[in-house]
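Below is one structure, written out as structure tokens, with a few remarks after it.
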Amino acid sequence: MKTKRMDGRALDELRRVEIIPDVNRFAEGSCLIRCGNTEVYVTASVESRVPPHVPEGQGWVTAEYNMLPRANRERSRRDISKLKLNGRAAEIQRLIGRSLRSAVDMKKLGPWQVTVDCDVLQGDGGTRTASITGGFVAMVLAFRRMMERGQLSELPVKTYVAAVSAGIVDDIPMLDLQYYEDSRAMVDLNCVMTAAGELIELQGTGEGRPFTLAEQQELVRLCAKGIRELNEKQRAVLGEL
């Protein structure tokens with residue numbers, strides 16, 4: 001079995017990760033996250049209103065996701081309005097929102113809404129997982145800005161949250177697929193976890209063949225290792241919560 005990949009990484013090795021905070025002077029929180037050649041620009045914006053379904057006195061966190069026209073190898077059409085949002089983008093932004101909300105105490109946040117916008121500048125695999133990892137950083141930076149303004153009395157965050165992908169390529173499990181691997185993957189799995197290793201969401205698909213429970217557990221183990229390392233990258237920016 002091979003132990004190295006085309007880019008020289010080990011099978012259980014993340015791509016180079018860089019998180020640059022405060023890249024937007026107007027947003028309450030922001031960062032640029034780079035995972036290999038994937039780059040996502042993230043902003044977190046605060047509004048003094050929440051959706052009608054939110055219980056009185058509680059807050060809300062939501063997300064929007066978009067790929068710029070030349071984020072990929074071929075130009076994609078711009079989404080002019082919510083009505084024209086394609087199915088993939090809609091599914092991804094719901095995933096980002098669910099993942100970030102899992103880290104937040106909505107009673108401590110209320111009555112504010114934070115919208116995390118994830119715009120993919122360059123996509124080379126793992127854009128949704130990079131958006132979650134970077135989205136968490138931008139969200140926490142926004143909360144800290146709110147505390148500085150007197151809008152919050154304490155940080156409404158329960159845990160670090162990050163995400164990464166793993167997959168089976170040529171029958172070999174590997175962590176953090178980039179595009180040339182993802183496009184050939186027999187099995188693809190996206191994993192969102194807390195810093196304690198608790199699962200928030202798994203998205204696993206047998207794209208080329210079915211996969212076994214043992215293979216799923218191996219992919220989750222790979223993701224857990226990667227997420228621990230991503231949490232350290234987040235801590236380097238945010239410190240302890």
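The values are calculated or read from the model by the stated rules, or taken from the named source; none is laboratory data. Just so we're clear, the structure is a prediction, and the values are computed from it rather than from any experiment. All Cβ positions, even for glycine, are placed from backbone atoms using ideal geometry, and neighbour counts span all protein chains on display. Accessible surface is based on the protein model in full, side chains and every heavy atom, while ligands, DNA and RNA are left aside. Shrake-Rupley method; radii C 1.70, N 1.55, O 1.52, S 1.80 Å.
Numerical summary
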item: Considering only the chain, percent of DSSP beta bridges that pair antiparallel, nearest 5; result: 85
item: Span-rule helices in the chain, defined as complete DSSP H runs reaching 27 Å or more along the axis (Cα) with Kyte mean at least 0.0; result: 127-149
item: Accessible area in square angstrom per residue, the chain, 1.4 angstrom probe; result: 48
item: Only Lys, Arg (+1) and Asp, Glu (-1) charged, at Cβ; the chain dipole about Cα centre in debye; result: 440
item: Equivalent-ellipsoid semi-axes of the chain, from the Cα gyration tensor, Å, largest first; result: 30, 19, 17
item: Cα-derived Rg over Rh, computed across region 192-235 with Rh taken as Kirkwood radius; result: 1.04
item: Cα centre as origin, Lys/Arg/Asp/Glu Cβ charges: region 1-76 dipole, Debye; result: 620
item: Mean residue ellipticity (222 nm) of the chain, computed from DSSP H runs ≥ 4 via -39,500 (n - 2.57), nearest 500; result: -9500 deg cm²/dmol
item: Distance cut-off 27 Å, percentage of C-alpha pairs in region 102-234 lying past it; result: 27
item: Projected area averaged over orientations for region 1-81, convex hull of C-alpha atoms, nm²; result: 9.5
item: Considering only region 10-118, percent of DSSP beta bridges that pair antiparallel, nearest 5; result: 75
item: Contour excess over end-to-end distance, with Cα ends at Leu68 and Ala224 and 0.36 nm allotted per residue; result: 53.2 nm
item: Approximate spin-label separation Ala90-Ile20, in nm, with each point projected 7 Å along Cα-to-Cβ; result: 3.4
item: Trypsin sites (Lys or Arg not before Pro) restricted to DSSP loop in region 6-59 with at most 14 other C-beta within 10 Å; result: Arg16, Arg25, Arg49
item: At 0.692 mPa s and 37 °C, Stokes D of region 71-177 from Kirkwood alpha-carbon radius, µm² per second; result: 207
item: Normalised contact order of the chain, rounded percent, pairs of Cα under 8 Å and 6 or more residues apart; result: 21
item: Cysteines in the chain that, by Cβ-Cβ distance, have no pairing candidate under 4.7 Å; result: Cys31, Cys35, Cys118
item: Label-point separation in nm, Gln58 to Glu207, each point 7 Å along Cα→Cβ; result: 3.6
item: Rounded to the nearest 20 debye, dipole of region 111-224 from Cβ charges on Lys, Arg, Asp, Glu; result: 540
item: Among Asn231, Leu202, Met147 the positive-end extreme of the charge dipole of the chain (Cβ point charges); result: Met147
item: Average projected area [Cα convex hull, region 30-127], square nanometres; result: 6.8
item: Region 133-195: relative contact order in percent, alpha carbon pairs under 8 Å with at least 6 residues between; result: 31
item: Ser153 accessible area, assembled protein chains, probe 1.4 Å, Å²; result: 110
